[in-house]
1. When the chain is fully extended, how far beyond the present Cα-Cα distance does A267 get from V250, taking 0.36 nm per residue of separation?
2. Around G380, what is the net charge, scoring Lys/Arg as +1 and Asp/Glu as -1 over all other residues with Cβ under 12 Å from its Cβ?
3. Fully extended, how many nm does the chain gain between H209 and K291 (0.36 nm per residue separation, minus their Cα-Cα distance)?
4. Just tell me which lysines come within less than 27 Å, Cα to Cα, of K325; anything on the same chain fewer than 8 places away is out.
5. What length, rounded to one decimal in nm, is gained on full extension from E448 through to D467, with 0.36 nm per residue of separation minus their alpha-carbon distance?
6. For segment 214-319, what is the charge dipole size about the Cα centre, in debye to the nearest 20, if Lys and Arg each add +1 at the Cβ and Asp and Glu each add -1 at the Cβ?
7. Would you mind computing Rg(Cα) / (2.2 N^0.38 Å) for the chain, counting N as its residues?
8. Which net charge results for the neighbourhood of L197, defined as the other residues with beta-carbon distances under 12 angstrom from its beta-carbon, given Lys and Arg at +1 and Asp and Glu at -1?
Amino acid sequence: MKQVPVLIIGGGPVGLALAADLGWRGIECLLVEQGDGSIFHPRANTVNSRTMEFCRRWGIADRVRNSGTPPDFPLDIVYATGLQGYEIARINRPSYGGAKPIATTPERSQRCNQIFFDPIMRDLASSFPSVTLRYQCRLESFTETSEGVVATVRDVASDRVETIGAKYLVACCGGHSPVPRALGVQWEGTSVLSYNLNVFLRIPELWKHHGMGKTAFYFFVDREGRSPSLIEIDGNVLWRLGLNYGTERVDPKSVDIDALVKRFVGASVPYEVISVLPWTCRSIVADCWRKGPVFLAGDAVHQHSPSGGFGMNTGLGDAVDLSWKLAASLDGWGGEGLLASYQIERRPIARRIVREATESLAPLAPAAKLAHIEDATPEGDQARQEVRDTIMRERTQVFISDGLVLGYTYDGSPIVCSDGTPLRPQSVSKYEPTARPGSRAPHAWLAEGQSTIDLFGKSFVLLRFGDAPPDPELFVAAARARGVPLQVVDIPNPEIARLYERRLALIRPDGHVAWRNDEMPAAPLAVIDTVRGASEAPSG
Ligand SMILES: Cc1cc2nc3c(=O)[nH]c(=O)nc-3n(C[C@H](O)[C@H](O)[C@H](O)COP(=O)(O)OP(=O)(O)OC[C@H]3O[C@@H](n4cnc5c(N)ncnc54)[C@H](O)[C@@H]3O)c2cc1C
């Protein structure tokens, strides 16, 4: 029987990111994917700043930047009754290219649809010698053993069945994953918010056929309250028309796509349908993300509306959190609590994201108001004004979400040493950099093109700030005694020292602050044991 340290099920973006991050750490893993790796229909577009920071770490940020929507493509959000109808509201957002650099991250969010992004992740994962990707290979079942897991997989092409032994199995097999069911996972939330159809369209030079201006997002407000949307995919000819059918299951064959395109896009706009994908919008989070040697990540544990573009990005956050913990456990320096901390840290993040994405789906106006939304009457003007006010008051934050994307924190994690400072109020839109333990360690430029973020990844990093920082020797000796990889980096720049607020900060391999203080800890071994998941967190 073949044996691997980590068996990953599913070659979507989350499974590929986990394989890539493990490969980047030199950890052997096997990924099995039931499909052949082709992607026919576009799903996620937004590769947010945090995911771009991971891409920067893996050396693929430029490729992602150059593969999706062109940098000068306008990214305003336009709400309208149709491209030939009334504009209702416009949320202005800078394009990726023309805007000034962002002070809080070295990587601006990008639009790079999964039809472009997943192949980049696949190339990255397969570039590591310790990673094997096997396509057309389906997980059929698995059992836990004293050594880990034994999985039964079927080669889809030959129909041959084989067993694979693994120390850890990570199910990244998406929304239809069989693994949560096999583990008896319970779901919190609403299993069906709505049934939807996505129509993948080719529309050459769409912007020449209407007066709303060229932009990536058009959200339509219609009498029926179904809120169709038209979203660009490649900044050129590819578009996705999203149609929401509420809680009625819809047969794609029964839908008159031509009538819908004529109504919302325009009667004389030339178009071609490439494909149609039915999908179900849910608002759910699994209660259990791990049972023994089996872990779940990505859509296999959280699913929500695509509003705000969080799904894939949250899944990549799961992969990055889990990867270094699996590597530490396999390398022998991770304590018992390290793998347990995966669910403790990631589940609250997913719950918050699911809540925000779901809240943004509330109806824009009562049905009686929407009944007039397309009318050229005073009631129509009034309805559009009220909907505009609601949009500007309630919908802006889901599209400008730096607080969620960069400000998430592993507050209360047992592998983070609290410094006693209170948690700041959590904002969706606004990110305020902080090095409070649990937070993503803030970005600052160390030199041209080199961010503090670039220091983190393969080991723990002890940052020492100022002219005469405390002697790190006892701390280094404690890490060495436990086999924990640790690098010490001195940063004399006073501005960066102010950002981190203490003379010392210990950063984890995933770039989150594990501990900070002005002085070396009295018991450095206790801090090292806490951050490697081998004991309860000491304070200070
Ligand atoms: C319309 C739409 C728009 C979206 N927009 C965004 C966005 O802008 N930003 C964002 O972040 N997210 C977005 N999302 C969500 C995003 O697409 C998903 O969150 C993301 O694809 C989840 O990745 P995953 O790897 O967890 O699962 P998936 O992408 O579903 O991949 C799972 C893989 O596992 C394989 N698999 C399943 N079972 C088995 C088995 N038994 N054996 C072997 N392989 C198996 C499947 O074939 C599949 O390839 C959107 C989703 C939709 C539907």
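1. Details: separation 17, 0.36 × 17 = 6.12 nm, distance 2.41 nm.
Additional length available on full extension: 3.7 nm.
2. On the way: positive: R223, K369, R384; negative: E374, D375, E379, D381, E386.
Neighbourhood net charge equals -2.
3. 24.1 nm
4. K2, K167, K291, K458
5. 4.7 nm
6. Values: 11 positive and 12 negative charges, 29 e Å.
The calculation lands at about 140 debye.
7. Values: Rg = 24.3 Å, N = 540, 2.2 N^0.38 = 24.0 Å.
The value comes to 1.01.
8. Values: positive: R226, R240, R249, K253; negative: E248, D251, D256.
Value of the local net charge: +1.
The values are calculated or read from the model by the stated rules, or taken from the named source; none is laboratory data. Since the model is a prediction, treat every value here as computed from it, not as a measurement. Cβ sites come from the backbone with ideal geometry, for glycine too, and all protein chains shown count toward neighbours. All accessible areas refer to the heavy atoms of the entire protein, side chains included, with ligands and DNA or RNA removed. Shrake-Rupley method; radii C 1.70, N 1.55, O 1.52, S 1.80 Å.
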